[in-house]
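Asker: One structure is given below, represented as structure tokens, and several questions about it will come after.
The values are calculated or read from the model by the stated rules, or taken from the named source; none is laboratory data. It should be emphasised that the depicted structure is a prediction, and the values quoted were computed from it without experimental measurement. Using ideal geometry, Cβ is built from the backbone for each residue, glycine included, and neighbour counts are taken over all protein chains shown. To get the accessible areas, we keep the full protein, side chains included, count just its heavy atoms, and leave off ligands, DNA and RNA. Shrake-Rupley method; radii C 1.70, N 1.55, O 1.52, S 1.80 Å.
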Amino acid sequence: MLSTKLLQDKVVLVTGASSGIGAATAALFAKAGANVVLAARRTDKLDAVREACVKANNAGQTGKGGRYASISLDMCDTDHVTKVFSRLPDWGQNVDVLVNNAGLAVGTDRVGDIKADAIDRMLDTNVHGLIHLTQQFVRDFKKRNTGHIINLGSIAGVNSYPGGSVYCASKAALHSFTTALRMELVDTAIRVSEIQPGMVETEFSLVRFRGDQSAADKVYEGIDPLSADDIAEEVVWAASRKPHVNIADVLILPTNQASSYHVSRK
Ligand SMILES: NC(=O)c1ccc[n+]([C@@H]2O[C@H](COP(=O)([O-])OP(=O)(O)OC[C@H]3O[C@@H](n4cnc5c(N)ncnc54)[C@H](OP(=O)(O)O)[C@@H]3O)[C@@H](O)[C@H]2O)c1
């Protein structure tokens, strides 16, 4: 088994930690012995994730980490995001790993029919909020010449699909931003990674279909989608490599998915 020893006692901030990939990632970092700051809007949900982190840490038996904090962070609120350091606990001021995971798709309307608020929510959360937050940490990481930024991209940023124009554009923007940032930081010890999942069964489709559970279930019908744990493993693996190893891009798909729209349903 690959070692996650280098994560012990590190400080990790996970955005969108209240559900899905973020929640699973937080717990796996906790298992590896890292201290984790959990960020999201639904802070009530973060309580359960915090408990999962405690259990995972005990199961990991590293004797390291064990500090968790929940912070309210709305990625669409520029004031929240730009003042993020005032929300971090004292022990969490020196973040080692920033996981930019918060994100969403809203609807599947085609261009011409997309509601203005859906466009704004996707771009504000997935692009503007992520950029504002990253800027805060890049400034801090540069001062300390350390740090790792792990962005949750998507297969949707690699190939677009009808009904996903704005979401796909947001993930393509994330990819361009991530690539440029990696170039800008090439003379530093700061690492920049992008994890690009295919279909992962989380609350993602429920949010996309505005709470319509049957529409969400149809997305995964006849396929064996990825789980949040599958992606958490990739994030924690990328974060736990030796300092001279930067996992740049990881595209991870269910076996029966070959592109955004090429899915085999048995
Ligand atoms: N599921 C997939 O198939 C898939 C595939 C590729 C990429 N991804 C990406 O993976 C990431 C995680 O998605 P997921 O599948 O785990 O979906 P999820 O279960 O719906 O989780 C999304 C998370 O993002 C947070 N979030 C949404 N809007 C936010 C805002 N304005 N401010 C702060 N947090 C916000 C949510 O927290 P609150 O609502 O509590 O704020 C939630 O914790 C996203 O970036 C998504 O685009 C997902």
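Asker: Rounded to the nearest whole Å², what accessible area per residue is found for the chain with the 1.4 Å probe? Each step should come with its number before you reach the end.
Answerer: On the way: 12390 Å² over 266 residues.
Result: 47 Å² per residue.
Asker: Still on this structure, I have one more. Calculate the FRET efficiency for T146 and E233 from the Cβ-Cβ distance with a Förster distance of 25 Å, rounded to the nearest 0.05. If you can, show how the numbers build up before the last one.
Answerer: Values: r = 24 Å, r/R0 = 0.95.
FRET efficiency, T146 to E233: 0.60.
Asker: How would you rank 150-160, 211-221, 11-21, 42-52, highest first, on the average number of other Cβ atoms within 10 Å across their residues? Numbers along the way, then the final one.
Answerer: Values: 150-160: 21.9, 211-221: 12.5, 11-21: 26.5, 42-52: 15.8.
Top of the packing list down: 11-21, 150-160, 42-52, 211-221.
Asker: Sticking with this structure for a sec: For R41 and E221, what does the FRET efficiency come to when R0 = 25 Å and r is the distance between their Cβ atoms, rounded to the nearest 0.05?
Answerer: Values: r = 29 Å, r/R0 = 1.18.
The computed FRET efficiency comes out at 0.25.
Asker: Among 187-196, 137-146, how do they line up from the highest to the lowest mean number of other beta-carbon atoms within 10 Å? Walk me through the numbers before you get to the answer.
Answerer: On the way: 187-196: 20.2, 137-146: 15.2.
Result, highest mean first: 187-196, 137-146.
Asker: In addition: Need one value: the accessible area of V245 in square angstrom, 1.4 angstrom probe, rounded to the nearest 10.
Answerer: 50
Asker: Skipping prolines and chain starts, which residues have an amide H placed within reach, meaning under 5 Å, of the one on E194, given they are 5 or more residues away or on another chain?
Answerer: N151, D249, V250
Asker: Just give me a number: lysine pairs in segment 5-252, eight or more positions apart or cross-chain, with C-alpha atoms less than 20 Å apart.
Answerer: Lysine pairs, 8 or more places apart or on different chains, close enough: 21.
Asker: Running Debye on segment 5-252 with equal point scatterers at the Cα sites and no solvent, what base-10 log of I(q)/I(0) appears at q = 0.09, 0.16 Å⁻¹?
Answerer: At q = 0.09, 0.16 Å⁻¹ the computed log10 ratios are -0.35, -1.19.
Asker: Further question: For segment 96-103, in order, what is each residue's ³J(HN,Hα) by Karplus, 6.51 cos²θ - 1.76 cosθ + 1.60 with θ = phi - 60°, in whole Hz (x at glycine and Pro)?
Answerer: Values per residue, Gly and Pro as x: 9, 10, 9, 9, 7, 10, 3, x Hz.
Asker: Ranked highest first by the average count of other Cβ atoms within 10 Å around their residues, in what order do 175-181, 23-29 fall?
Answerer: On the way: 175-181: 16.6, 23-29: 29.1.
By packing density, highest mean first, the sequence is 23-29, 175-181.
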